[in-house]
Structures are given as structure tokens and as C-alpha cells.
Amino acid sequence: MRARRLMWVVLVLLAGAAQAAGPRAVREQAEMSMLVTGMVLIAADGSVTGWEIDQRDKLPEFVANIVERSAPVWKFEPILVDGQPRAVRARMSLRLVAEKLDDGAFRVGISNGYFGRDALSDRERKAIGDEAPPTDVVTAIAMRPPTYPDRALQVGVKGTVYLVVRIGREGTVADVAVEQVNLRVVGSDNEMRRMRDLLARPAVAAARTWTFRVPTSGESAGQDHWVIRVPVDFAFRGDEPRYGAWQAYIPGPYQRHPWQADDAGDEGRPDALADGGIYEVGKGLKLLTPLQQG
């Protein structure tokens, strides 16, 4: 899909860049993207019987059309409950990326997606009649957000830290790793590394204090540990990423850690995960067909 009327978001330039070539090269790595969330209804055979896009009126019409053209032909691996295939209602989170072409137009497509029942908020669970916290997935007890580092505030550093958290049987955090840090600022390669670290350190420190309810039912009950992904967004008050708006960011390098090797599976890039959610590794629904049709 092409859309000539898309406008590039202006990235904040870090003052005092060592050499112009550094930031310029980094800027070429920028992605123009939008996160679209909603719900999807999946039949016992894995076919899609319905879907709903959150706040559809806030999305560009052609973006909503891409999702609505793709959703009807999605096919998932059947979801088993007590060994039997069941119909489920799952949360969906889709990352759409606009690629600038040589002629100045843009090609927009779904680059990554996540589907999972564990991503439902308490409000959404109550809306579908599920009053109590689920017992077959990890849920939060206390997750105090990190403090925005003073240095990051001073130089205008904004971005999202994608954490991988290993939880022990008591519901406390046994280990934390940074999977990726995407920045909404530009600097030289060295400056980008320092800025990613500037946001990653307080996110990791905060995560070590979090507590959770671990599964007491289902296939993962009784495990030695559980692994979750948690996106942590750093933005100035009033400048948080706005739903339905295009956003430019510099994707950081993906880092896989030895202790998560047996757990991580293949659930796509973490940047399809919406901020504020808990995403248990291995619980994402498996899509068997391409994300985008046509």
C-alpha cells in the first residue's frame, strides 16, 4: 500500500554530536511506524470469526483497511484447553511500518504482530465476564515503574525498553535482561549506545523489585520459573506516543540471552508489544498464515 500524504515525524537531535556523519548514518535506520491494537475471535479450528480494532476512528482509514483486509484469512494453530480445541478471544497488537520508496511514496505493511489471551487487562477481562485474575498465566501483583533518569531528562532521551523477566516460584524476579531498546532520538553510534544504556539501567533496577502471581493451573503450573516480556516506555509527560499517530524511532539491536534460550521460542520482534502489558513467553498464539494479505 502506498500513501503519499504520510509525513515523517521529526526526530529530536542530540546536541553536541561528535561528527555529523554519525547521526546521519543512524538516522537512515529510522522506522516510521504505528502500533494498532484490538481483539480477535478465534474458532476451535483456528479460523478467525471476528475482530475489533481499538479506537478505529483514530486510525488513518487505509491503516484500518490493511488490518481488516488481512484478519478474515488469518489461520491460527488450534488452541487446546485440557487437550481439546476451544474457541478463544485474544488480544492482538500489530506493528505497521511505512517504508519510504525511491519515488517519494510510502509502502505500508504489517511488520510484526502478537496475539495472546494473557495480554488482556483487568478491565477487558471483566468486560467478557472473567472477574477473577486468571490462574493459568503470570499476572502482576506490584510493578512500580522506573524513575526517569535525570540525565535522560536533561538531554531529551525518549524510547522504549523491552525487558525479558524470569520469575521464580515465589513470584519474585530471579533475573532480568534487556532484549531491545528503541530510541526516539538521534546521535552518533556511541551516543546511541550510551542513551540505550541510560534508559535500560533504571528499567532493569525497577523490574528487580516487581512481584507476580505465578500459574497454579494449566500446563505451566508447577514449573521452576516463568519468563515474561514487559515493554517499558520512557516519555515526557504530555509527550507520550499517541494512538493512531505515526512515530519515528531507531530500532536498537536485538539481544538474546543464554538463560532464556529454552523459553523464548519464536514470537516475533518485541516491538509489537504494547506498553503496559505482560506477555508470557510461550503463551502467544501461533499464526500459521502471513500477517498481511494483498
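The values are calculated or read from the model by the stated rules, or taken from the named source; none is laboratory data. Note that the structure is predicted; figures quoted are calculated from it, not measured. Glycine also receives a Cβ, built like all others from the backbone with ideal geometry; neighbour counts cover every protein chain displayed.
Tabulated data
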{"quantity": "In region 197-216, the residues that are among the basic types (Lys, Arg) and at pLDDT below 95", "calculated": "213"}
{"quantity": "Verdict on residue 160 being farther than 27 Å from residue 136 by Cα and in a strand (DSSP E or B)", "calculated": "yes"}
{"quantity": "Residue check, residue 113 part of a loop (DSSP other than H, G, I, E, B) and touching a residue at least 40 places away in the same chain (Cβ under 8 Å)", "calculated": "no"}
{"quantity": "All positions within region 139-157 that are part of a loop (DSSP other than H, G, I, E, B) and under 24 Å from residue 220 (Cβ atoms)", "calculated": "143"}
{"quantity": "Residue in region 148-159 that is within 24 Å of residue 242 (Cα to Cα), crowded, with 19+ Cβ neighbours inside 10 Å, out of contact with any Gly (no Cβ under 7 Å at 6 or more places or on another chain) and modelled with pLDDT of 95 or more present", "calculated": "no"}
{"quantity": "Residue check for residue 249: under 17 Å from the mean Cα position of the chain (by Cα), over 30 Å from residue 83 (Cβ atoms) and in a loop (DSSP other than H, G, I, E, B)", "calculated": "no"}
{"quantity": "The listed residue being aliphatic (A, V, I, L, M) and touching a helix residue (DSSP H, G or I) at 6+ places or on another chain (Cβ under 7 Å), out of 40, 67", "calculated": "40"}
{"quantity": "Some residue of region 152-167 being of a type in the set (Phe, Trp, Tyr), over 24 Å from residue 93 (Cα atoms) and in contact (Cβ under 8 Å) with a residue 60 or more places away in the chain", "calculated": "no"}
{"quantity": "Which numbered condition residue 186 fails, given (1) modelled with pLDDT under 90; (2) in contact with a Gly (Cβ under 6 Å, 6 or more places away or on another chain)", "calculated": "(2)"}
